[in-house]
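Notes follow the structure.
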Amino acid sequence: MSTGQELEQESRYDILQNEEGEILIIINSRAGGPENPRFVYDGGETALLYRTKDSTVVFKDIAVSARLPLKSVSSMLIVEVENEDVAREYTVPVRVVKDVKSLIK
């Protein structure tokens, strides 16, 4: 993780899965659009969404029922909402790692 990286914990988020197994995560909108975003996960209770080189969203307390589906997909849709409206949506690749918490400093 680079110095100066902004780590922001997402206090409220929704993880949804459709019948085809695709994942959608709804989060609060952030300033600026994503640049080369990616979702990093190890199958546990914590995940990271790298939005830009300077902005990372931390997801904590991921529900047990969502863990295997999150680890099983190669990409997912992120929807950022502002005042109940969709601000932006984008597809991100999922990168499975050994230990997400080791990436949080």
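The values are calculated or read from the model by the stated rules, or taken from the named source; none is laboratory data. In this text the structure is predicted, and so the values were computed from the model without any measurement. No Cβ is skipped: glycine too gets one built from the backbone with ideal geometry, and neighbour counts run over all protein chains shown. The protein model used for the area step is the full one, side chains on, heavy atoms only, and it has no ligands, DNA or RNA in it. Shrake-Rupley method; radii C 1.70, N 1.55, O 1.52, S 1.80 Å.
Surface composition of the chain: carbon plus sulfur atoms hold 45% of the accessible area, using a 1.4 angstrom probe and ignoring ligands, DNA and RNA.
Of the peptides 50-60, 7-17, the ranking by mean beta-carbon count within 10 Å, highest at the top, reads 50-60, 7-17.
GNM remark for the chain: springs join alpha carbons under 10 Å apart, and the peak mean-square fluctuation among Ala87, Ala66, Ala31 falls on Ala31. The phi-based Karplus calculation (6.51 cos²θ - 1.76 cosθ + 1.60; θ = phi - 60°) puts the 3J(HN,Hα) values of region 44-59 at x, 8, 10, 9, 10, 10, 7, 7, 9, 5, 10, 9, 10, 9, 9, 9 Hz, whole numbers, x for Gly and Pro.
For Ser55, the residues 5 or more places off, or on other chains, whose built amide H falls under 5 Å of its own are Glu6. Solvent-accessible area per residue in the chain equals 60 Å², computed with a 1.4 angstrom probe and all protein chains kept. Using the Cβ-Cβ distance between Ser74 and Asp99 with R0 = 25 Å, the FRET efficiency computed as 1/(1 + (r/R0)^6) comes to roughly 0.80.
In this label model, Asn36 and Glu8 are separated by 2.0 nm, measuring between points 7 Å along each Cα→Cβ vector.
Relative contact order of the chain: 31 percent, from C-alpha pairs under 8 Å at least 6 residues apart in sequence. Listed by chain and number, the lysines whose alpha-carbon sits under 16 Å from that of Lys101, ignoring those within fewer than 8 places in the same chain, are Lys60, Lys71.
Taking 15 Å as the straight-line reach from the Cα of Lys53, the aspartates and glutamates in range (excluding those fewer than 8 positions away in the same chain) are Glu6, Glu8, Glu35. Legend: translational diffusion of the chain by Stokes-Einstein, Rh = Kirkwood radius over C-alpha pairs, 37 °C, 0.692 mPa s; D = 237 µm²/s.
Karplus-derived 3J(HN,Hα) values for region 79-92, using 6.51 cos²θ - 1.76 cosθ + 1.60 with θ = phi - 60°, are 10, 9, 10, 9, 6, 6, 10, 6, 8, 6, 9, 7, 8, 10 Hz; glycine and proline are entered as x. Out of all DSSP beta bridges in region 20-105, what portion is antiparallel? Express it as a percent rounded to 5. Of the beta bridges lying entirely in region 20-105, close to 70 percent run antiparallel.
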